[in-house]
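K.L.:
Here it is, the structure in full.
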Amino acid sequence: MDLKSLDDVELLTSLVMGEAEGEPFLGKLAVAFTVKNRVEDRRWPDTWKGVMLQEYQFSCFLPAYFRPEILDHSWTSPWKECRFAAFGVYQGYVQDMTKGANHYHASYFSDTPPKWANRKKITLFMGNHIFYRL
């Protein structure tokens, strides 16, 4: 399946599955808000799909890390939770607890965080992720 053929909510659900499937529900919401915050920031594309499919931005869509099962919308329990988070953020039903975060990384990289990470810009620690507003 071509990622570009998915609608925004389907693609966001897949992104949340790929990036935060094992996270608590609030962690799934936080990942989805990172996308929304980028859509609303003029430094990124102004469409959901444009943000999500921008090259080298979300590891779940990189060829080396891509898992086809994130596209299998079979209504499993993890997928339902990811869909609920994606839909709630996309429709504006949920308040942003990330304080405008537009970046995140897995916390197990905290010993050697990515070069872009600025500890002064951390907005949230949630599950296995650290969120930043840069």
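K.L.:
Which of the following residues is touching a helix residue (DSSP H, G or I) at 6+ places or on another chain (Cβ under 8 Å) and acidic (Asp, Glu): Glu21, Glu55, Glu40?
P.N.:
Of the residues listed, the single one that is touching a helix residue (DSSP H, G or I) at 6+ places or on another chain (Cβ under 8 Å) and acidic (Asp, Glu) is Glu21.
K.L.:
Of all the residues that make up the range 105-123, how many are of a type outside the set (Val, Ile, Thr) and either assigned to a loop (DSSP other than H, G, I, E, B) or open to solvent by less than 30 Å² (accessible area, probe 1.4 Å) (or both)? Steps first, answer last, please.
P.N.:
Going through the range 105-123, the residues of a type outside the set (Val, Ile, Thr) turn out to be 105-111, 113-121.
Now restrict to residues that are either assigned to a loop (DSSP other than H, G, I, E, B) or open to solvent by less than 30 Å² (accessible area, probe 1.4 Å) (or both): 105-106, 110-111, 113-118.
Residues flagged as of a type outside the set (Val, Ile, Thr) and either assigned to a loop (DSSP other than H, G, I, E, B) or open to solvent by less than 30 Å² (accessible area, probe 1.4 Å) (or both) within the range 105-123 amount to 10.
K.L.:
Residues to consider are Lys80, Lys99; find the one that is over 20 Å from Leu3 (Cα atoms) and of a type in the set (D, E, K, R).
P.N.:
On the way: Lys80 fails: over 20 Å from Leu3 (Cα atoms).
Among Lys80, Lys99, only Lys99 is over 20 Å from Leu3 (Cα atoms) and of a type in the set (D, E, K, R).
K.L.:
Here's another thing I want to ask about it. Just to be sure before I move on: is Ile122 β-branched (Val, Ile, Thr) and touching a strand residue (DSSP E or B) at 6+ places or on another chain (Cβ under 6 Å) in the structure I sent?
P.N.:
Working: β-branched (Val, Ile, Thr): yes; touching a strand residue (DSSP E or B) at 6+ places or on another chain (Cβ under 6 Å): yes.
Here the answer is yes, as Ile122 does meet what is asked.
K.L.:
Next question, about the same structure. Taking the range 50-104, which residues are under 15 Å from the mean Cα position of the chain (by Cα), small (Gly, Ala, Ser) and in a loop (DSSP other than H, G, I, E, B)?
P.N.:
Within the range 50-104, Gly100, Ala101 qualify.
K.L.:
Is it true that Asn102 is in contact with a Phe, Trp or Tyr (Cβ under 8 Å, 6 or more places away or on another chain) and open to solvent by less than 20 Å² (accessible area, probe 1.4 Å)?
P.N.:
Working: in contact with a Phe, Trp or Tyr (Cβ under 8 Å, 6 or more places away or on another chain): yes; open to solvent by less than 20 Å² (accessible area, probe 1.4 Å): yes.
When the stated conditions are applied, Asn102 passes them.
K.L.:
Same structure, new question: Looking at Lys28, Lys99, which one is at pLDDT 95 or above and touching a strand residue (DSSP E or B) at 6+ places or on another chain (Cβ under 6 Å)?
P.N.:
Details: Lys28 fails: touching a strand residue (DSSP E or B) at 6+ places or on another chain (Cβ under 6 Å).
None of the other options fit; the residue is Lys99.
The values are calculated or read from the model by the stated rules, or taken from the named source; none is laboratory data. Keep in mind that what you see is a predicted model, and the values were worked out from it rather than measured. So basically every Cβ, Gly included, is an ideal-geometry build from the backbone, and we count neighbours across all protein chains shown. Calculation scope for accessible area: heavy atoms of the full protein, side chains included, ligands and nucleic acids excluded. Shrake-Rupley method; radii C 1.70, N 1.55, O 1.52, S 1.80 Å.
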